[in-house]
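See structure below.
The values are calculated or read from the model by the stated rules, or taken from the named source; none is laboratory data. Remember, predicted model here, so these are calculated numbers, not experimental data. Glycine also receives a Cβ, built like all others from the backbone with ideal geometry; neighbour counts cover every protein chain displayed. Surface accessibility is based on the protein's heavy atoms, side chains included, excluding ligands, DNA and RNA. Shrake-Rupley method; radii C 1.70, N 1.55, O 1.52, S 1.80 Å.
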Amino acid sequence: MTKTLDLFHTVLGPSTANAPDVNTLLLVHGWGGDGREWSRHAEVLAAGHRVIVPDLRGHGRSPVPDEDNNPAAMARDLMALITHLRTGPVVAVGHSMGGQVVNLLAVHHPDLVQSVIALDPAHGAHGAELDEIPRRLTAYREHGARAAVPLVADAFSPTAPPGLRTAHIRTMLGTAGHVIAQAYAGMYTDPDAVGIRPHSEIYLRRRTCPALTVWSSAEAADWERGTLRTPGSRVDHWTATGHYLHEEHPDRTVRLIEQWSTARTMP
């Protein structure tokens, strides 16, 4: 099994020692990103929650290994981080690849996850997206992060805040090329990858905690509603938004996290 890494992370809000009843939120970024994309949310949420924001392996300020930059290893790193911080079960929130990572964390370490919020997660690939995976992976292996820039650039709605597209392109270009390729393969083509729809359905059925998934695609939302097995779970569809919906709609996202986490802890 891959050795876990000590992730760069920040912790905001009250400690569980001083406020044992406070919720701990784990906010996880996506592919080619880093924890800075959660800065606005974390600052607001820390008023009433303990908030942990990591950089995943290979990303941001965390170590960049030569191998094993994949969602399964990333989930194990988060397991080690949560265990080290002694937070108790967390509300695990993830965007895109981070959504896949927090779901893997919930499946393989259910004692550490109270519930999941997945925002436009990297699972359920089918149709045209599925057909593009081999070409994209070849490009990422040959050209690294630069080959991923067009995909990132097209991921925003016309109403996205100014500068958001440029910020994500810069962060993607700052991510090591082998990490981009390995993480993409880990999401979709590796033997244990869960990003393709039939494999996604299997792993989602193994998730035992309540989960809230938010999609920018109505079709994906309808599909995932059919996979729900755990009471209290739901799937929402947000219209008129791009893939980085938590950054295009930060206030709405904060309200969603607040309402979900509060409802899960009410007596």
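Only a single item in (1) closer than 20 Å to D111 by Cα; (2) in a loop (DSSP other than H, G, I, E, B); (3) touching an Asp or Glu at 6+ places or on another chain (Cβ under 7 Å) is not met by G60, and it is number (1). For T166, the conditions (1) closer than 27 Å to E201 by Cβ; (2) without any contact (Cβ under 8 Å) to a residue 40 or more places away in the chain are fulfilled apart from (1). Which count do you get for residues in the stretch 217-267 that are buried (at least 19 other Cβ atoms within 10 Å of the Cβ), touching a helix residue (DSSP H, G or I) at 6+ places or on another chain (Cβ under 9 Å) and aromatic (F, W, Y)? Number satisfying all stated conditions: 2.
Screening L25, L7 for residues that are farther than 23 Å from L164 by Cα and outside any loop (DSSP other than H, G, I, E, B) leaves exactly one candidate, L25.
A count restricted to the stretch 234-261 and to residues that are in a helix (DSSP H, G or I), over 24 Å from G32 (Cβ atoms) and among the acidic types (D, E) stands at 2.
Count, please, the residues in the stretch 19-44 that happen to be farther than 19 Å from E258 by Cβ and surrounded by 24 or more Cβ atoms within 10 Å (Cβ to Cβ).
Step one: list which residues in the stretch 19-44 are farther than 19 Å from E258 by Cβ, which gives 20, 29-36.
Add one more test, that the residue is surrounded by 24 or more Cβ atoms within 10 Å (Cβ to Cβ), and what stays is 29-33, 35.
Qualifying residue count for the region: 6.
Residues in the stretch 207-232 that are in a loop (DSSP other than H, G, I, E, B), under 15 Å from G124 (Cβ atoms) and more than 16 Å from the chain's Cα centre (by Cα): S217, G226, T227, L228. When D77, D55, D6 are screened for being charged (D, E, K, R), open to solvent by less than 10 Å² (accessible area, probe 1.4 Å) and in contact with a Pro (Cβ under 9 Å, 6 or more places away or on another chain), only D77 passes.
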